[in-house]
Amino acid sequence: MTKTWILVANASRARCFERDASNAPLNEVADFVFPHTRLGGEATGEATDGDISGDAGKGHGRTAHAGTQFEPRTEASAKDLHSFARQLADFLNKGVAAQRCDKLALIAASRMLGELKPFLSPAAEKMLQRSVAVDLTYYQGAELRQRVNEALSLPG
């Protein structure tokens, strides 16, 4: 039976799934979180403006009412993205070399997809069936499975 590895990734998180058929459940093979990608200035130890408590995403707004103030999501630097893409490609390349899968599919944010593809080995490139530029890292369970199926069925 053919096994397909499906990598779902963005600049800070990636999950690799395996499945036997096009509508089979997704079984997680690996989960990657890039530790240098943080919200605000947390990675450098700097406090962010408006962050009174010191924890990104928590704190009190500057208004008199109680509430939560969320800091905007920041993208990984080009160097961090490059390093994370290399780590993911190395994992995929080793899996292909060890014959743990027969096909590959990449579903990633477009910037990550552009960084990742050049690091794939010739054998992994040959197994690559689809690459789709969409970020599905925030989905879980049945919704993730549905969105993966939709992404892989898009005309390509």
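The values are calculated or read from the model by the stated rules, or taken from the named source; none is laboratory data. Keep in mind that this is a model prediction, so the values were computed, not measured. As a convention, Cβ positions derive from the backbone with ideal geometry for all residues, glycine included, and neighbour counts pool all protein chains shown.
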In region 100-156, which helices (runs of 4 or more DSSP H) lie fully inside it and hold 2 or more residues that are in the same structural domain as Q87 (by TED's automatic domain parsing), over 17 Å from A89 (Cβ atoms) and in contact (Cβ under 8 Å) with a residue 12 or more places away in the chain? 141-153
Return the total of residues in region 26-56 being of a type outside the set (G, A, S) and modelled with pLDDT of 90 or more. 7
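Determine whether A133 is surrounded by fewer than 16 Cβ atoms within 10 Å (Cβ to Cβ) and modelled with pLDDT of 95 or more.
Details: surrounded by fewer than 16 Cβ atoms within 10 Å (Cβ to Cβ): yes; modelled with pLDDT of 95 or more: yes.
When the stated conditions are applied, A133 passes them.
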Does K79 qualify as being among the basic types (K, R) and at pLDDT 55 or above? yes
